[in-house]
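Peer 1: Here it is: the structure, laid out below.
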Amino acid sequence: MSRFELQSHLNDVYAHFPEAEKRPVIGITGNYEDLTCKLGRGYYQSVVAAGGVPVVIPPVADKHVIVNTLEHIDALILSGGGDINPLWAGEEPSPKLHGINQERDLPELLIARLAYNRQIPMLGICRGIQTLATAFGGKVAQDISDVATIKHSQDADRSEPTHSVIIDEDSSLFDIYKSTKVMVNSFHHQAVAEAGDKFRVIAKSPDGIIEAMESSEFKSILGVQWHPECLEEGLPLFQWLVNEAKSFREAHTTHDRVLTLDTHCDTPMFFPQGIHFEQRDPKILVDLHKMTEGRQDATIMVAYLPQPTENPTAFADSIFDQIEVIVGQNSDYVRIANTPRDLWMNKHQGLKSIMLGIENGIAIDGKLENLQHFVDRGIVYMTLCHNGDNDICDSASKTQHTHHGVSAFGEQVIKEMNRLGVLVDMSHAGEESFYQALEISSKPIVCSHSSARALCDHPRNLTDDQMRALAQKGGVAQTTIYHGFLKKDGEATINDVIAHLEHAIDVMGIDHVGLGTDFDGDGGVRGLADSSELINFTRRLLARRFSEHDIQKIWGGNFLRVMEEVQKVRY
């Protein structure tokens, strides 16, 4: 190949199909100086060496530029540079503050927050770790000269390590370097003073200066105070980022093909508080922003009825009225779906879907004819009871064993639900009620949000025997992420959700499981805190080598199979 003959270079490209292998795109925030966006070559060379495709992101605070950029990258590097204006952290500038870079501050704080919402892997370098702290409620020391006892602004060449950092063994940085001590370079007079509640400190220099932090919420976010792009020993950090980017992109493309359905959320309980479904509303865990960030296609919103409820049928109707208003106001982005076919049609059109359900059979107010009324409104399932016995069946919680299972009226309700094509949901039901419903129903039943009692001994969870009986009848049990049903003592996290799911798979088989988050009904744990984090669930499944076919089963395919079977009587 002749160096200066363009055609020979093109021939090398054209000789293969595809022309190049698919590699993750890594956005790198550019520095700004002398009216120029610039970037040290070590950043993009390190990304290439690690197997990624570098793209420089200019310091532009325009939301359209930032959001569209984030749609096309698989990971983000927040690069080094000058001081951040302390006013962004609510602090007055110290006399020891060096030059700030006002062109960079707002664009990078915005992009960090928006990338975080989208679960995009991030690596913050030098100024970048300080950007992460500032963006998420941490604190940056404007000058460390009064507390530092080693030199943190070296005169030696950038490629030369000049001091050590001590790494926590329980950290991603230890996993990267397989060591509790690494040598680094140092070019800073500021440092992170407090990581904030979104991060935890994982490395310090011998004089106690924070040198690295990582996400405390199981996100792929890492910040380091040194400049790894200048060090031979820095490549593993870029390889970590590229690998996380590959995992993130694989989850994204998986969500492009599979339909993701959460089978239980209680967001309508917050409607009286004046929520804004079209905004990123902090009062709720499910809204259009969060569903889009987490690549969630659909959710089943329930009309939850506490006991007692005055005029329960009208109460449930009022909730469905509010859902219809919200959907009507946002019909360019979300629709109500009544069938699995509706869900797929909406997905193909780029629309989110809401299905309707009832949580607590008191909604029918003791009248079988009200079931037809709610079918006409579009419900797909009804949870027969909630906490406490009702006129249909006994509950798992606060039960008085009123009927010792399903009442005579409850038997009529189940049979009428079968006739009308409504899923019988036995989450919240007591064991006697559960087994009797299995016998009464001529169709498979579901548990829309129930976890495993073998892992967390709570009466709301299903025993292994219940799971096996449910699967034998063709039903499904949707693992829920309410902390009290995942772990008896201590904090439940995404790890516990996966453990409950895998236990259900071991007991029932892959064809009888799914996910019902119970978001906005106290559901949500660290790592799966709201709809925006649901793509992290898929990343965990992919890491465990679940096939895309099985991921679709877990992400609603099994539940929809039962729904199709039950709804056959309607069509």
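Peer 1: Going through segment 75-129 one residue at a time, which ones are within 23 Å of Gly234 (Cα to Cα) and of a type in the set (Lys, Arg)?
Peer 2: Arg127 - this is the single residue of segment 75-129 that is within 23 Å of Gly234 (Cα to Cα) and of a type in the set (Lys, Arg).
Peer 1: Given the conditions (1) of a type outside the set (A, V, I, L, M); (2) closer than 21 Å to Val286 by Cα; (3) out of contact with any Ser or Thr (no Cβ under 8 Å at 6 or more places or on another chain), report the number of the one that Arg377 does not fulfil.
Peer 2: Evaluating Arg377 over (1) of a type outside the set (A, V, I, L, M); (2) closer than 21 Å to Val286 by Cα; (3) out of contact with any Ser or Thr (no Cβ under 8 Å at 6 or more places or on another chain) leaves (2) as the failure.
Peer 1: Determine whether Pro228 is farther than 29 Å from Val497 by Cα, over 34 Å from the mean Cα position of the chain (by Cα) and surrounded by 19 or more Cβ atoms within 10 Å (Cβ to Cβ).
Peer 2: Criteria not met by Pro228.
Peer 1: A further question on this structure: From the list Glu491, Glu439, which one is at pLDDT 95 or above and assigned to a loop (DSSP other than H, G, I, E, B)?
Peer 2: None of the other options fit; the residue is Glu491.
Peer 1: For segment 379-409, what are the residues that are under 14 Å from Ala363 (Cβ atoms), free of Cβ contacts under 8 Å to residues at least 60 places away in the same chain and not hydrophobic (A, V, I, L, M, F, W, C)?
Peer 2: Asp391, the sole residue that qualifies.
Peer 1: Here are the criteria: (1) among the polar types (S, T, N, Q); (2) on the phi > 0 side of the Ramachandran plot; (3) touching a helix residue (DSSP H, G or I) at 6+ places or on another chain (Cβ under 9 Å). Tell me which single one Asn311 does not satisfy.
Peer 2: For Asn311, the failing item is (3).
Peer 1: So, one more: Would you be able to say whether some residue in segment 393-406 is surrounded by fewer than 21 Cβ atoms within 10 Å (Cβ to Cβ), of a type in the set (Lys, Arg) and under 21 Å from Phe485 (Cβ atoms)?
Peer 2: yes
Peer 1: Applying the selection to segment 100-117, what residues are closer than 16 Å to His289 by Cα and in contact (Cβ under 8 Å) with a residue 40 or more places away in the chain?
Peer 2: Result: Leu110, Ile111, Leu114, Ala115, Tyr116, Asn117.
Peer 1: Checking Gln273 against (1) modelled with pLDDT under 95; (2) more than 19 Å from Val327 (Cα to Cα), only one condition comes out false. Which one?
Peer 2: (2)
Conditions tested, residue by residue: (1) β-branched (Val, Ile, Thr); (2) modelled with pLDDT of 95 or more; (3) over 24 Å from Lys568 (Cβ atoms).
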{"residue": "Pro340", "(1), (2), (3)": "no, yes, no"}
{"residue": "Met355", "(1), (2), (3)": "no, yes, no"}
{"residue": "Ile358", "(1), (2), (3)": "yes, yes, no"}
{"residue": "Gly361", "(1), (2), (3)": "no, yes, no"}
{"residue": "Gly366", "(1), (2), (3)": "no, yes, yes"}
{"residue": "Leu371", "(1), (2), (3)": "no, yes, no"}
{"residue": "Tyr381", "(1), (2), (3)": "no, yes, no"}
{"residue": "Cys393", "(1), (2), (3)": "no, yes, yes"}
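Residue by residue, here is whether (1) assigned to a loop (DSSP other than H, G, I, E, B); (2) of a type outside the set (Val, Ile, Thr); (3) outside the structural domain of Ser397 (by TED's automatic domain parsing) holds:
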{"residue": "Ala454", "(1), (2), (3)": "yes, yes, no"}
{"residue": "Arg460", "(1), (2), (3)": "yes, yes, no"}
{"residue": "Ala471", "(1), (2), (3)": "no, yes, no"}
{"residue": "Ala477", "(1), (2), (3)": "no, yes, no"}
{"residue": "Thr517", "(1), (2), (3)": "yes, no, no"}
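The values are calculated or read from the model by the stated rules, or taken from the named source; none is laboratory data. Here the structure is a predicted model, which is why all the values come from computation and not from measurement. Neighbour counts are summed over all protein chains in view; Cβ atoms, including those assigned to glycine, are modelled from backbone coordinates with ideal geometry.
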